Amino acid sequence: MIIPAIIAKTQEELDHAIQKVMGLTPRLQLDIMDGCFVPNQSLDFDFQLPKKGTYEAHLMVTHPLEWIQKHGHKVDLILVHIESCKNPQEIINQLEKKKRIGFALNPETSLEKIIPHIDYIDQVLVMTVNPGFYGSPFIPKTLHKVKKLRDLKPRLDIEVDGSINNKTITQAYDMGANLFVSGSYIMKANNTRARIEKLLTLIQG
């Protein structure tokens, strides 16, 4: 699945971004940034979403539980950075049976951080860039985590996020990723449909 990533600082920017890609893919990712966990801000306000659509929230925030309590009801899947979790099991307990949940890993974070929790989550997000901005440079060595995860959990949803484009997507696919988040490659294009179709072609052969 190709998943466009949306960064927005106002409701107007959010509405415009969603309109660009709504209906072109099964799911959209909302990049939530508080300006502390990463040096940028996005969707750090009481945003509203169209009822039509499926959304995952990628929480790049210092206090994920606070965000979940305020806004978790708006989305279908919540991805929490393991680096921001003092108690990952508390996050799992909060969301279990209510929402689909996953943990995200920054490039320098060891896979071992999430292994104890792997049987209790629906998805893992492996960051292939240092998070916070569109267009950060791709870090190929992060893909070894994708391969290890795929070997460990053959049926797990493994998502990659960060500089995923027509030049990098096949590397991630070959390592075992099955969900591909793309930000600037899609969102900054004049023809978003053509960009999504190009990525799908590359992973479908």
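Extension gain, Glu197 to Asn166: 0.36 nm times the residue separation minus the Cα-Cα distance gives 10.1 nm.
List the trypsin sites (Lys or Arg not before Pro) in region 81-160 that DSSP assigns to loop (not H, G, I, E or B) and whose Cβ has at most 12 other Cβ atoms within 10 Å. Which are they? Present the calculation step by step, with values, prior to reporting the outcome.
Working: sites: Lys86, Lys97, Lys98, Lys99, Arg100, Lys113, Lys141, Lys145, Lys147, Lys148, Arg150, Arg155; in loops: Lys86, Lys97, Lys98, Lys99, Arg155.
Sites meeting the loop and neighbour criteria: Lys86, Lys97, Lys98, Arg155.
Here region 2-204 is treated as a sphere whose radius is the Kirkwood value from Cα pairs; by Stokes-Einstein at 20 °C and 1.002 mPa s it diffuses with a coefficient of 127 µm²/s. Straight-line cross-link reach from Lys153 at under 24 Å between alpha-carbon atoms covers these lysines, not counting any fewer than eight positions away in the same chain: Lys97, Lys98, Lys99, Lys113, Lys141, Lys145.
Please list, by residue number, every one of the GluC sites (Glu not before Pro) in region 47-97 that is coil in DSSP and has at most 13 other beta-carbon atoms within 10 Å. The partial results should precede the final answer.
Working: sites: Glu56, Glu66, Glu83, Glu90, Glu96; in loops: Glu96.
Filter output for region 47-97: Glu96.
By the beta-carbon count within 10 Å of each Cβ, the least crowded to most crowded order of Asp151, Asp15, Asp174, fewest first, is Asp151, Asp174, Asp15.
If you average the sequence gap of Cα pairs under 8 Å that are 6 or more apart and divide by the length of region 1-121, what percent do you get for the contact order? Relative contact order of region 1-121: 19 percent. Put simply, the amide H of Leu125, placed in the peptide plane, has neighbours under 5 Å in Phe103, Ala104, Leu105, Glu159, leaving out anything fewer than 5 places away on its chain.
For Cα pairs less than 8 Å apart in space and 6+ apart in sequence, what is the mean separation divided by the residue count of the chain, i.e. the relative contact order in percent?
It comes to 19 percent, rounded to a whole number.
Legend: ranking of residues His144, His58 from fewest to most surrounding C-beta atoms inside 10 Å; resulting order His144, His58. Around the amide H of Val61, modelled in the peptide plane, lie the amide H atoms of His81, all under 5 Å away and 5 or more residues distant in sequence or on another chain.
Coordinate-derived values only; no laboratory data. Every value quoted in this text rests on a predicted model; they were computed, and no experiment measured them. As a convention, Cβ positions derive from the backbone with ideal geometry for all residues, glycine included, and neighbour counts pool all protein chains shown.
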